[in-house]
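Reviewing the structure listed below.
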Amino acid sequence: MSLTMLPPAPERAPAAPAPRDRFIDVLRVFGMVLVVVQHWTMPVLSYAQGRLTTGNALAAVPYVTWISQVMPLVFFAGGAANAISFRSAARRGGTAREWTARRVRRLAWPVVPLAVVWLPLPHLLVALGVPAQPVETAARTVGQLLWFLAVYLLAVVATPHLLRVRTGVALPVLAGGAVLMDVVRFSGLEAAGYLNVAFVWLAVHQIGFRYAEGRLEWLTGRRAAGLAVAGFAMVAALVATGPYPASMIGMPGMISNMAPPSACLLALFAGQLGLAMLLRPALNALAARPRAEAVLTALAPRMMTVYLWHMTALVAVAGVATVGFGLATPHAGSAAWWSAVPLWLAALALVLVALTALLGRFEDPVGAAAHRLVPAAVPLVGGALLTLTITGFAPGPAPVIASLALVAGLALVSRPAAADPRRR
């Protein structure tokens, strides 16, 4: 079953969706929480003679990543949220450039405090006597998470344009491009695979548009279950016939389905989408309960803070345990490992809650959006995020220059709140 095999659009436009969609909120919150838990349970750490050695606990159970790798669902939910937000702004008379300016600010502003903390922190830790190698490993790891923001920025900028293109045209082009890039990549030109950063993630994002238009309402019950079975069966076939690895996250020394993203992720998304739509009625009912709704209301506005700072929490706890006390991760999957996981996650969660309480307010940009210089701001912000993804915050000029470019890009799309009383 292909992602492009969707029923034709109805003759009349579907009714406008509600401003908030509980299902999309659940996917966004659940997706980010699962990403955090996956990142926290992956590391296998040991420290000796000033060097930190890292491994991946999921290497022994790669099939778990067929469920735990939820970035396809996150981009799907982001596509739905972007479509709903843009059309709502358009109905109020806003322009594409105004909407983009607000989205860019909301996306990039929370990175500023991360840079403020992590640019000097490696120097401070080394000055305090912490060996340079684990410090550099930590600084690079924290920056690697920014790949998501760099790609999501591309999706945000593309949203006003792709919404004008029929999904029946855009989706086959994007999905077909992803398959073609895999053919070229696995024929020997590895660099071609990085074009799938656009093809794969924008294809998934485009399905989110279709959901926002109400055109996935047919995907319930047996149809949803059929899509789930077909999607995961397609993943199994691709893995069995190669060259795709079984793991949907990157593993050392192996071909990666994530960096660059492969077309196999589209099959994975089909399976996950079918499963999510099958569970949609139950998830909506759960989200409507007062306690669940309160949790969603509290977490949804702070998901970017949780995402950006969860690796800092990991670095802090792992640094104390591994470098400070010389503790090593038990053998992954052993009884000792399983018994340590609850305490490990609890310690990390405690630190992350404190960081979120302290830094969550930075998700709300100061001032108001300015849209005239969006074409100049986007390359600065995107280039900064891409550079920090590659270099992290390891000591050197590149992270400093990238952080300055980020601030400059934000300045181009910002102005004092008093200058724009119509701020939305």
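The values are calculated or read from the model by the stated rules, or taken from the named source; none is laboratory data. Predicted model only: the values in this text are computed from it and were never measured. All Cβ positions, glycine included, derive from the backbone under ideal geometry; neighbour counts span all protein chains shown. Note: areas computed on protein heavy atoms with side chains; ligands, DNA, RNA excluded. Shrake-Rupley method; radii C 1.70, N 1.55, O 1.52, S 1.80 Å.
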Rounded to whole Å², per residue accessible area for segment 235-335 with a 1.4 Å probe reads 42 Å²
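In whole percent, how big is the carbon plus sulfur part of the accessible area of the chain, probe 1.4 Å, protein atoms only? Can you show the working numbers first?
Details: 13520 of 19550 Å².
Carbon-and-sulfur percentage of accessible area, whole number: 69.
For the chain, give the magnitude of the charge dipole about the Cα centre (Cβ charges: +1 Lys/Arg, -1 Asp/Glu; no others), in debye to the nearest 20.
Numbers: 31 positive and 13 negative charges, 280 e Å.
For the chain, the charge dipole is close to 1340 debye.
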³J(HN,Hα) computed for each position of segment 41-53 - Karplus, 6.51 cos²θ - 1.76 cosθ + 1.60, integer Hz, glycine/proline x
8, 5, x, 10, 10, 8, 9, 7, 6, x, 10, 9, 9
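At 0.36 nm per residue, minus the direct Cα-Cα distance, what do ARG361 and ALA240 gain on full extension? Give it in nm, one decimal, please. List each step's numbers first, then the result.
Details: separation 121, 0.36 × 121 = 43.56 nm, distance 4.69 nm.
Full-extension gain reported as 38.9 nm.
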Rounded to one decimal in nm, the spacing of the 7 Å Cα→Cβ label points at ARG222 and VAL400 is 6.6 nm
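Mind ranking TRP338, TRP99 by accessible surface for me, highest first, 1.4 Å probe?
Numbers: TRP338 155, TRP99 5 Å².
The ranking, largest first, comes out as TRP338, TRP99.
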Accessible area (Å², per residue) of segment 368-419, counting only protein heavy atoms and a probe of 1.4 Å:
45 Å²
Taking amide hydrogens as modeled 1.01 Å from N in the peptide plane, which residues meet the under 5 Å criterion relative to ASN56, leaving out close sequence neighbours?
VAL44
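Stretched out fully, how many nm does the piece from ALA346 to ALA60 gain, at 0.36 nm a residue minus the Cα gap?
This chain segment gains 100.6 nm when fully extended.
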Please list, ordered by chain and number, the residues whose modelled amide H lies under 5 Å from the amide H of MET258; skip anything fewer than 5 residues away on the same chain.
GLY250
dims of segment 257-411, Cα set, principal axes, largest to smallest, nearest Å -> 55, 48, 37
Please report the orientation-averaged projected area of the chain, defined via the convex hull of its C-alpha atoms, in nm².
21.7 nm²
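Is the C-alpha gyration tensor of segment 60-211 telling us rounded, prolate or oblate? Criteria: a/c under 1.5 is rounded; beyond that, a/b larger than b/c is prolate, otherwise oblate.
On the way: a/c = 2.45, a/b = 1.37, b/c = 1.80.
Oblate shape, in that a/c is at least 1.5 and b/c is the bigger or equal ratio.
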Along each of its three principal axes, how wide is the spread of alpha-carbon positions in segment 136-192, in whole angstrom units, largest first?
46, 33, 11
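Using 0.36 nm per residue, how much length does the chain from LEU180 to ARG291 gain when fully extended, once their Cα-Cα distance is taken away? Spell out each step's value before the answer.
Values: separation 111, 0.36 × 111 = 39.96 nm, distance 4.66 nm.
That works out to 35.3 nm of additional length.
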Cα centroid of segment 27-85 to Cα centroid of segment 198-212, whole Å
20 Å
Which FRET efficiency, nearest 0.05, do ARG164 and ALA411 yield, Cβ-Cβ r, R0 25 Å?
0.25
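Ranking request for peptides 80-92, 288-300: highest mean number of other beta-carbon atoms within 10 Å first, then the rest in descending order.
Numbers: 80-92: 18.1, 288-300: 12.3.
In decreasing order of mean packing, 80-92, 288-300 become 80-92, 288-300.
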